Amino acid sequence: DASSSMYFPQDAEMNKLKFSILSAAALVNLLKRQRDAAGLSIFTDEVKFNSEARSSTKHHQLLFAQLESLLAQKPLNIKTNAAKCLNEIAETVHKRSMVIIFSDMFSNMDSAQSDELFSALQHLKYNKHEVILFHVVDKNKELDFEFENHPYRFIDMESGEEVKLHSNEVKNFYVQQMQQFETNLKLRCAQFKIDFVEADINNDFRQVLRSEERRVGKECRSRWSPYH
């Protein structure tokens, strides 16, 4: 997910997109060492890049170049349409694969959009792919709403909409809504047998990857390839 919300927090050493890029690059490198195939899809409100899963050195260099190019970009007001994009990507993954998604999922918070998204994830599961969702967030700010109690101007990075308020005026309601959103996300993932991994960018991303390396290594030994 390379939509504008993934660039939060702006001007920080680590934002959600950089966390996702480093994690994805590490997984590609792991698969490269094991001589397994890897592919890459980049999407916002449309699919920006989508490759087949291959194992050649030239192909891996292409994937790394695509990931690196995202680091230099800071697009504003670019929305997400994960359901549409995942459906499109699902049509291109023809072999049994492991599909790993890095996204904050914040464009899918109402019930209608949530249903569309999980319909797209079911599309991926239809061909018996293993689907892993990394829910990439800045937990302190986006889930726990840890702001000092003074006036702020909050700006939606995808729509540009602005609102001015004191953080404590809305904190309790906001946290309650986000807890409900995340609980629903976990339950829906469990329902469709999708592995859900909360990925907090304030933590060392390598701790998350170590568990995924064990998972990928186990699947590789079972000869589930190529991976996407």
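The values are calculated or read from the model by the stated rules, or taken from the named source; none is laboratory data. Given the structure is predicted, the values throughout are model-derived calculations rather than measurements. Backbone-built Cβ (ideal geometry, glycine too); neighbour counts: all protein chains shown. When the accessible area is computed, the model is the full protein with side chains, heavy atoms only, and any ligands, DNA or RNA have been set aside. Shrake-Rupley method; radii C 1.70, N 1.55, O 1.52, S 1.80 Å.
Determine the pairs where a residue that is over 18 Å from His129 (Cα atoms), located within the range 24-41, has a partner that is open to solvent by 20 Å² or more (accessible area, probe 1.4 Å) and assigned to a helix (DSSP H, G or I) with Cβ atoms under 7 Å apart, the partner being 6 or more residues away or on another chain.
Within 7 Å, the pairs are Ala25/Phe64; Leu30/Glu213; Gln34/Cys220.
Can you name every residue in the range 76-91 that is out of contact with any strand residue (DSSP E or B) (no Cβ under 9 Å at 6 or more places or on another chain) and of a type in the set (Val, Ile, Thr)?
Result: Ile78, single match.
Which of the residues belonging to the range 148-169 are out of contact with any strand residue (DSSP E or B) (no Cβ under 9 Å at 6 or more places or on another chain) and either assigned to a helix (DSSP H, G or I) or exposed (fewer than 15 other Cβ atoms within 10 Å of the Cβ) (or both)?
Within the range 148-169, Glu148, Ser159, Gly160, Asn168, Glu169 qualify.
Quick one: which residue in Gln66, Gln61 is touching a strand residue (DSSP E or B) at 6+ places or on another chain (Cβ under 9 Å), among the polar types (S, T, N, Q) and more than 13 Å from Asp1 (Cβ to Cβ)?
After applying the criteria, what remains is Gln66.
Farther than 27 Å from Thr44 by Cβ and modelled with pLDDT under 90 - does that describe any residue in the range 134-146?
So far as the range 134-146 goes, no, none of its residues is farther than 27 Å from Thr44 by Cβ and modelled with pLDDT under 90.
Do we have Glu68 as surrounded by fewer than 17 Cβ atoms within 10 Å (Cβ to Cβ), under 18 Å from the mean Cα position of the chain (by Cα), of a type outside the set (Gly, Ala, Ser) and within 30 Å of Asn29 (Cα to Cα) here?
Here the answer is yes, as Glu68 does meet what is asked.
Which count do you get for residues in the range 125-138 that are within 19 Å of the chain's Cα centre (by Cα) and either surrounded by fewer than 15 Cβ atoms within 10 Å (Cβ to Cβ) or in a strand (DSSP E or B) (or both)?
8
Can you tell me which of Leu86, Leu40, Leu31 is open to solvent by less than 80 Å² (accessible area, probe 1.4 Å) and modelled with pLDDT of 95 or more?
Among Leu86, Leu40, Leu31, only Leu40 is open to solvent by less than 80 Å² (accessible area, probe 1.4 Å) and modelled with pLDDT of 95 or more.
Applying the selection to the range 89-109, what residues are touching a residue at least 60 places away in the same chain (Cβ under 8 Å) and open to solvent by 90 Å² or more (accessible area, probe 1.4 Å)?
Answer for the range 89-109, where residues must be touching a residue at least 60 places away in the same chain (Cβ under 8 Å) and open to solvent by 90 Å² or more (accessible area, probe 1.4 Å): Lys95, Arg96, Met109.
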